[in-house]
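The values are calculated or read from the model by the stated rules, or taken from the named source; none is laboratory data. Everything quoted here is computed from the prediction, not taken from an experiment. We place every Cβ from the backbone using ideal geometry, glycine too, and count neighbours over all the protein chains shown. Just so you know, the surface numbers come from the protein's heavy atoms only, side chains and all, with ligands and any DNA or RNA stripped out. Shrake-Rupley method; radii C 1.70, N 1.55, O 1.52, S 1.80 Å.
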Amino acid sequence: MGYKILTVDDSKTIRMIVKKAFASYNCTMFEGENGVEGLAIAAKEKPDLIILDITMPVMTGTEMLEKLKTEKELKDIPVIMLTAESGKDNVMKIVKMGVKDYMVKPFKGEQLIERAKGILKLKPKD
């Protein structure tokens, strides 16, 4: 049984990059376009890792993260935040909220996999 990975980003391109990055690993991918969708999927699927964009319509990644951290069943899910802003204040805020890691856009799929390997024991598909 592979890992469940949830990617939440309003950019279809970013979601495709994330999906493609994990394609050669034993993972089931889920995706949402905003924090509301992301929370619903997280509650239903209990993913092993969430890749979460900060800037989205409807509910931002930061708002979703705050809600995740208040849910008993979801608060321990590791989160890698994606941000277009590398401002120190933003980074400090999300780190204090308990993210495992963050990446500044644009990024390469290999970089994301390296970060994910720091959290999960990813295994290539047989």
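Tabulated data
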read-out: Evaluation of T28 against (1) modelled with pLDDT under 95; (2) more than 13 Å from V8 (Cβ to Cβ); (3) polar (S, T, N, Q) (one fails), failing number; value: (1)
read-out: Tabulated pairs, the range 2-23, first closer than 16 Å to E37 by Cα, second among the aromatic types (F, W, Y) and in a helix (DSSP H, G or I), C-beta under 8 angstrom, 6+ apart or interchain; value: I5/F22
read-out: Condition check for T55: open to solvent by 20 Å² or more (accessible area, probe 1.4 Å), among the hydroxyl-bearing types (S, T, Y), closer than 24 Å to K12 by Cβ and modelled with pLDDT under 95; value: yes
read-out: Residue identified as farther than 29 Å from K125 by Cα, out of contact with any Phe, Trp or Tyr (no Cβ under 9 Å at 6 or more places or on another chain), of a type in the set (S, T, N, Q) and surrounded by 15 or more Cβ atoms within 10 Å (Cβ to Cβ) among T70, T62; value: T62
read-out: Test result for E37, of a type outside the set (K, R), at pLDDT 95 or above and open to solvent by 60 Å² or more (accessible area, probe 1.4 Å); value: yes
read-out: Selection from the range 87-111 of residues that are open to solvent by 80 Å² or more (accessible area, probe 1.4 Å) and not hydrophobic (A, V, I, L, M, F, W, C); value: K88, D89, K93, K96, K100, P106, K108, E110, Q111
read-out: So K117, is it surrounded by fewer than 15 Cβ atoms within 10 Å (Cβ to Cβ), farther than 14 Å from I17 by Cα and under 14 Å from the mean Cα position of the chain (by Cα); value: yes
read-out: The range 9-23 - residue that is open to solvent by 40 Å² or more (accessible area, probe 1.4 Å) and outside any helix (DSSP H, G or I) and, of those, farthest from L122 (Cα to Cα); value: D10
